[in-house]
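Here is the structure we will look at, set down as structure tokens.
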Amino acid sequence: MKPIELFSAATIARRVTELGKQIDAQMPPGPMTLVCVLKGAFVFMADLVRAIPRQMTCDFLGVRSYGDATLSSGVVEITSDLGTTITDRNVLLVEDIADTGLTLRYLLDVLSARGPASLRTCALLSKPSRRAIDVPVDFVGFEVPDEFVVGYGLDAGQLYRNLPYIGVLRS
Ligand code: 5GP
């Protein structure tokens, strides 16, 4: 099934460039650590780091959410932890999409317990109409309606991550 295009590759590239400038202007000064939530954020992360003109380190957090393919339960397992300490670092947590917000809430609690100097969140996509809890998303690429989206790192059954655009899957 071919997804219906929502954001083209060119539109995404323009927005990521803007986000990088916004993040650089608004994060506390000094070096940062960007934490990429795997797998969905890996394509976004690769472009975002190159749009932030600042000294940084990158790290990766593997997570698995329980629930069915399209509904998060908020129960998250860390399948692969960070390889570095984030204590006293200015951390930006980079997610693919904030849907109910439960995953982001869980990860914020885990990371803030490690004593970062600051902790902010960035999501490529946000579905505000689906939010189940109040969780801060400090930087958002695009707001999307309540539809299942794929591409640019986001999957459906592990497929479509390599699409250069973001699209909606409708059966
Ligand atoms: P939340 O805990 O905010 O409900 O959902 C978090 C995770 O669910 C996201 O990181 C993502 O992996 C998955 N997810 C939520 N909505 C979508 C969607 O529309 N498309 C895809 N591919 N994944 C989604």
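The values are calculated or read from the model by the stated rules, or taken from the named source; none is laboratory data. The shown structure was predicted, so the numbers you read here are calculated from the model rather than taken from an experiment. Glycine gets a Cβ as well: all are built from the backbone with ideal geometry, and neighbour counts include every protein chain shown. Heads up: the accessible areas ignore ligands, DNA and RNA and are worked out on the full protein's heavy atoms, side chains in. Shrake-Rupley method; radii C 1.70, N 1.55, O 1.52, S 1.80 Å.
Give the range 18-57 a look and list any residue that's assigned to a strand (DSSP E or B), open to solvent by less than 30 Å² (accessible area, probe 1.4 Å) and in contact with a helix residue (DSSP H, G or I) (Cβ under 8 Å, 6 or more places away or on another chain), or say none. Even if it seems obvious, please write down each step before you answer.
If we filter the range 18-57 for residues that are assigned to a strand (DSSP E or B), which is where we start, we get 32-38, 56-57.
Next cut, open to solvent by less than 30 Å² (accessible area, probe 1.4 Å) only: 32-37.
The answer is L34, V35, C36, V37.
Looking only at the range 141-171, which residues are buried (at least 19 other Cβ atoms within 10 Å of the Cβ) and away from the ligand (no atom under 12 Å from the Cβ)?
Kept after step one, since they are buried (at least 19 other Cβ atoms within 10 Å of the Cβ), are these residues of the range 141-171: 141, 144, 149-154, 160, 163, 166-167.
Of everything in the range 141-171, just one residue is buried (at least 19 other Cβ atoms within 10 Å of the Cβ) and away from the ligand (no atom under 12 Å from the Cβ), namely G141.
For S72, only one of the following conditions fails: (1) modelled with pLDDT of 95 or more; (2) touching a strand residue (DSSP E or B) at 6+ places or on another chain (Cβ under 7 Å). What is its number?
Going through (1) modelled with pLDDT of 95 or more; (2) touching a strand residue (DSSP E or B) at 6+ places or on another chain (Cβ under 7 Å) one by one, S72 breaks only (1).
Go through the residues of the range 2-17 one by one and say whether even a single one is surrounded by fewer than 16 Cβ atoms within 10 Å (Cβ to Cβ) and either of a type in the set (D, E) or farther than 22 Å from Y165 by Cα (or both). I'd like the intermediate steps shown before the answer.
Step one: filter the range 2-17 for residues surrounded by fewer than 16 Cβ atoms within 10 Å (Cβ to Cβ), giving 2, 4-5, 8-11, 13-14, 17.
This time we only want the ones that are either of a type in the set (D, E) or farther than 22 Å from Y165 by Cα (or both), so: 5.
The answer is yes, given that some residue of the range 2-17 is surrounded by fewer than 16 Cβ atoms within 10 Å (Cβ to Cβ) and either of a type in the set (D, E) or farther than 22 Å from Y165 by Cα (or both).
Restricted to the range 74-91, and to residues that are within 16 Å of the ligand (Cβ to nearest atom), in a strand (DSSP E or B) and of a type outside the set (S, T, N, Q), which residue is nearest to A46 (Cα to Cα)? It would help to see each step written out before you state the result.
Start the filter on the range 74-91 by keeping residues that are within 16 Å of the ligand (Cβ to nearest atom), which leaves 74-80.
Those still in the list that are in a strand (DSSP E or B) too: 76-80.
So of that shortlist, the ones also of a type outside the set (S, T, N, Q) come out as 76-78.
Working: V76: 23, E77: 23, I78: 21 Å.
Taking the candidates together, the pick is I78.
When you go through A132, A98, A117 one by one, which is the residue that is surrounded by 12 or more Cβ atoms within 10 Å (Cβ to Cβ) and closer than 18 Å to V43 by Cα? Give the derivation first.
Numbers: A132 fails: closer than 18 Å to V43 by Cα; A117 fails: closer than 18 Å to V43 by Cα.
Within the list A132, A98, A117, the selection yields A98.
Mind checking whether some residue in the range 14-30 is under 21 Å from V144 (Cβ atoms), in contact with a Ser or Thr (Cβ under 9 Å, 6 or more places away or on another chain) and not acidic (D, E)?
Taking the range 14-30 and keeping what is under 21 Å from V144 (Cβ atoms), we get 14-20, 22-23.
Subset that is in contact with a Ser or Thr (Cβ under 9 Å, 6 or more places away or on another chain): none.
Taking every residue of the range 14-30 in turn, none turns out to be under 21 Å from V144 (Cβ atoms), in contact with a Ser or Thr (Cβ under 9 Å, 6 or more places away or on another chain) and not acidic (D, E).
Hey, among the residues in the range 100-126 that are free of Cβ contacts under 8 Å to residues at least 40 places away in the same chain and in a helix (DSSP H, G or I), which one's farthest from P31 (Cα to Cα)?
L102
Report, ordered by the first and then the second residue, all pairs with beta carbons closer than 6 Å, sequence separation of six or more or different chains, a first member in the range 131-158 that is more than 22 Å from L92 (Cα to Cα), and a second member that is surrounded by fewer than 12 Cβ atoms within 10 Å (Cβ to Cβ).
D146/S129; F148/T70
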